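Remarks on the structure that follows.
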Amino acid sequence: MDGDVGAAGSTGRGEANLYNLTSFLIVENMRRGMHPKDAGMEGLKRIKQNTVETRLLNSKKEPAFGVNFYILNAKGEYAGVSMYAGETSQYAICTENGSSLLALEPLLEGSPLG
């Protein structure tokens, strides 16, 4: 989190976030002008690229786990991104217009199980 730029939090496989410094990367990408969704997708791409341990890969050689990011910049723009689409692929927002649920934007199709 950076009060001048924004914040990125995650759920799912926290080790993947920590190993890749993904929340930090997302905030730094927003500092360079990226929209929260684009910054989040770059973070997911880093996790996918750096997941090389066989035990963490599915039959498609993609991450066998889920991770989601919830991102907000200082301008009030927001996004929710996910490694995969799924049943719980929603996040809540609350604006001056009230609260609502929005779909997370997935990087990959299918499921973590391949």
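The values are calculated or read from the model by the stated rules, or taken from the named source; none is laboratory data. Source: prediction; values computed, not measured. Using ideal geometry, Cβ is built from the backbone for each residue, glycine included, and neighbour counts are taken over all protein chains shown. Calculation scope for accessible area: heavy atoms of the full protein, side chains included, ligands and nucleic acids excluded. Shrake-Rupley method; radii C 1.70, N 1.55, O 1.52, S 1.80 Å.
Candidates ALA16, ALA7: the one that is part of a strand (DSSP E or B), of a type in the set (A, V, I, L, M) and open to solvent by less than 80 Å² (accessible area, probe 1.4 Å) is ALA7. Evaluate the following for ASN17: is it closer than 19 Å to ALA79 by Cβ and free of Cβ contacts under 8 Å to residues at least 60 places away in the same chain? Yes: the conditions hold for ASN17. Summed over the range 34-55, the residues that are under 18 Å from the mean Cα position of the chain (by Cα), of a type outside the set (Gly, Ala, Ser) and either farther than 11 Å from SER82 by Cα or surrounded by 17 or more Cβ atoms within 10 Å (Cβ to Cβ) (or both) give a count of 13.
Could you list, in sequence order, all residues of the range 82-92 that are surrounded by 15 or more Cβ atoms within 10 Å (Cβ to Cβ) and among the hydrophobic types (A, V, I, L, M, F, W, C)? Selection gives MET83, ALA85. Answer with yes or no whether VAL67 is touching a strand residue (DSSP E or B) at 6+ places or on another chain (Cβ under 7 Å), crowded, with 21+ Cβ neighbours inside 10 Å, within 12 Å of GLU105 (Cβ to Cβ) and of a type in the set (Val, Ile, Thr). No. Across the range 93-114, the number of residues qualifying as open to solvent by 80 Å² or more (accessible area, probe 1.4 Å), more than 18 Å from PRO36 (Cα to Cα) and over 15 Å from the mean Cα position of the chain (by Cα) comes to 4.
Within the range 43-83, the set of residues being farther than 23 Å from MET30 by Cβ and among the hydroxyl-bearing types (Ser, Thr, Tyr) comprises THR51, THR54, SER59.
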